[in-house]
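Undergrad: Dropping the structure in here first, questions after.
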Amino acid sequence: MKIGPCRPWSMDLLALPDPLRDQALPRVRVDACFFQHVIERHAEQPLESIFGEQTFKWLCKRPSDSLYRDATERLAKELRVGLTVGLTLAFDVPQTRRQPTTTYVVVLPSGATAALRVGREVSLRTVFFPDRSLRRRSLEGRRGAAAGVLVNRYAMRCDELCAYVPPTPEFRREFTNIETGRMQVRTNVRFHDPARWGFRPDLLGSPYRGRPDVRFSS
């Protein structure tokens, strides 16, 4: 779905928690281009569960500043819960001539995942439901499936244990971007509170056992 060029609109979210550094994130910038990306790429997904049924319906048809604001406020509530008591991982993206950029990926209460680029300011990059999450009917099932997708993608495979384990500092994840065909690299992958993700620190190597804590209660 194409909705035309981005409108000159943005909104800052303040005082969202940073679970990996135990402090508040810098201001999180949400702009019209974020919504354009989400609508063009993921409009067929049940995103009304995040943004509100009527709000998302009209965002797809006739976006306006008031709709952006309402959708952003709704999303902020999901982000706050996800960052506070949900599941968050971080990784660095190497840059050719600059310092690496850091990305946080958060499992939201709805079972969707959100990606934030973290620096002096934080920009919201995308929100979507992984395909595996959409196959589950319950919220708990969607959250667990979303967590499993991220473990499969970013955890380190240990052949000796026949299991995924938390990545070591030198671990590099390489994969090909389906859209561009370019190789992408992720380094310094960190799962915040690995036990909540389903890793078992009480066992040798902290293997993943596929039972993440997705109750979203403190």
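FYI, it's all coordinate maths here, none of it is from the lab. Note that the structure is predicted; figures quoted are calculated from it, not measured. All Cβ positions, even for glycine, are placed from backbone atoms using ideal geometry, and neighbour counts span all protein chains on display.
Undergrad: Roughly what % antiparallel, to the nearest 5, for the DSSP beta bridges in the chain?
TA: Bridges in the chain that DSSP calls antiparallel: roughly 95 percent.
Undergrad: Quick check: net charge around residue 19, other residues with Cβ under 14 Å of its Cβ, Lys/Arg +1 and Asp/Glu -1?
TA: Here the count lands on 0.
Undergrad: May I pose another question? About its Cα centre, what dipole magnitude does the chain give when the only charges are +1 on Lys and Arg Cβ and -1 on Asp and Glu Cβ, stated in debye to the nearest 20?
TA: Using only the charged Cβ atoms, the result is roughly 260 debye.
Undergrad: While we're on this one: Using only Cα atoms, tell me the angle between helix 65-85 and the longest principal axis of the chain; keep it within 0 to 90° and round to the nearest 10.
TA: That works out to roughly 20 degrees.
Undergrad: Apply the Debye scattering formula to the range 10-197, with a single equal point scatterer on each alpha-carbon and no solvent, then give log10 I(q)/I(0) at q = 0.09, 0.10 Å⁻¹.
TA: -0.33, -0.41
Undergrad: While we're looking at this one, here's another question. Taking the chain as the reference, fit the longest principal axis to its C-alpha atoms, fit the long axis of helix 32-42 to the helix C-alpha atoms, and give the angle between the two in degrees, 0 to 90, nearest 10.
TA: 70 degrees
Undergrad: With a sphere of radius 15 Å drawn around the Cβ of residue 109, what net charge do the other residues whose Cβ falls strictly inside it have (Lys, Arg +1; Asp, Glu -1)?
TA: +4
Undergrad: No other cysteine beta carbon under 4.7 Å away is the test; run it over the chain and list who passes.
TA: Lone cysteines by the Cβ rule: 60, 158, 162.
Undergrad: Starting from the Cα of residue 53, step 7 Å along the direction of its Cβ; do the same at residue 65; then give the gap between the two resulting points in nm.
TA: Modelled inter-label distance: 2.9 nm.
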